[in-house]
Structure formats: C-alpha cells, structure tokens
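Heads up, the thing below is written out as structure tokens.
The values are calculated or read from the model by the stated rules, or taken from the named source; none is laboratory data. This structure is a prediction, so every number in the text was calculated from the model and none was measured. Don't worry about glycine lacking a Cβ; one is built from the backbone with ideal geometry, like all the others, and counts go over all protein chains shown.
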Amino acid sequence: MEINYCMSCGAPLEIRDVDGTMRKACTADGCSFVHWGNYSIGVGALVLRDEKVLLVRRAQEPGKGYWTNPGGYIEQLEMIHDSIKREVKEETAVDAEVRGIVALRDLPRNIHNVYIAFAMDYVSGEPEPDGVEVDMAGFYSLQELETMNVAGFTRWLIDVALRSGSDGLTEDPAPIVKMDGHGLFRV
Ligand SMILES: [Zn+2]
C-alpha cells in the first residue's frame, strides 16, 4: 500500500533522508511525522477460573470455527490494559482484571503485528458470546481442550498461562518518575 499523505496532518509526504535511511516524511512546517512502516498491535486475554481458561469460538474469518482466547486490536487513545478488559467484556460478558503481561508474539510481515498477552483474574459474569465476533464462550479445562478445535497460537498461550508460575510484567503502581498518560509495566 502506498502512503502519500501525512497520517498526522494530511499534508503531502516527500521522500527524504531520515537518519541515513530514505523515508516518507511530512512536508508541512512544524509537523514531524515520518512514515516508519505499517504496524498493528493486538491484545489477548488469558482469564483463569478454577484451573479453567476462558475461550471463545470465532464466528468470523480469520479463524472461523476455531477456539481462541478473547482479544482484539488496540484503539488509538486507549490504554492497552483498558483495551483488553473491554474486549473480554464485549466478546464474553465476563469482567476480568489485568494481573500482568505474560507473553508477546512478534510477526513481521506486510503489516508488522505485535501481540501482547495478558494474564487476567476473573471477577464476575457468566460467559455469554456476543453472537457477532464469537458464537460460543466458556471456561474449559486442559482435558476438555483436547477434543476442541483450538488454534495453535492459543494452545501456546494457554501453556504459558497455566505453566509459567509468574505474573510476568505487572503495572507499576508507584513509578519513581511521574509520567502522566504512560502505562508502565515492569518486572
Ligand atoms: Zn504532517
């Protein structure tokens, strides 16, 4: 895909040298936009309750008919820990709280995708599929998963969630430097 206009201010882009690499950059005075590439960021939830994990059956492509953990893409101005709580609520009607970031997948391709997986604690609600993105939702044990059509990547994430024994990166409740608007997760 060709990008010809600034994604920040709409002015035409030109190709110029940015720190030794030719890149598309904005021509407008006072705008510092550089088109670094095409990226997307996904978030996924591993919600555990009584040694069972919350899964949904996808009703849409890609992956229609496969069981996955709930998740989606982040929104422009939303903190990622809010994005994942929203996605879980929308897809399954379950309320869950973030415990930590337990896995990350890097997938460089046409649109370079990074996927961040959160371990989450079940709070309330019985799983109810949204009927649009997913047509089934529930908590399942490892034994039950054996006879279900679970996506490969989801199997890997479930293994991480159930066997890692770590909360991973957790949100820093009192960072040593005050940084408004930043989500800070640390070991
Ligand atoms: Zn611009």
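For Met7, the stated conditions hold: it is at pLDDT below 95, surrounded by fewer than 18 Cβ atoms within 10 Å (Cβ to Cβ), over 30 Å from Gly131 (Cβ atoms) and not assigned by TED's automatic domain parsing to the domain that holds His81. Are any of the residues in the range 120-131 within 15 Å of the chain's Cα centre (by Cα) and under 25 Å from Asp50 (Cβ atoms)? Checked against the condition, which is being within 15 Å of the chain's Cα centre (by Cα) and under 25 Å from Asp50 (Cβ atoms), the range 120-131 yields at least one hit. Within the range 159-186, residues that are on the phi > 0 side of the Ramachandran plot reach partners that are surrounded by 13 or more Cβ atoms within 10 Å (Cβ to Cβ) and hydrophobic (A, V, I, L, M, F, W, C) with beta carbons closer than 8 Å, at six or more positions or on different chains, in the pairs Gly168/Ile101; Gly168/Val102; Gly168/Ala103; Gly168/Ala119. Against the conditions (1) surrounded by 15 or more Cβ atoms within 10 Å (Cβ to Cβ); (2) in a loop (DSSP other than H, G, I, E, B); (3) among the hydroxyl-bearing types (Ser, Thr, Tyr), Thr147 satisfies every one except (1).
Just so you know, in the range 10-26 the residues that are of a type outside the set (A, V, I, L, M) and surrounded by 14 or more Cβ atoms within 10 Å (Cβ to Cβ) include one that is nearest to the ligand (Cβ to nearest atom), and it is Cys26.
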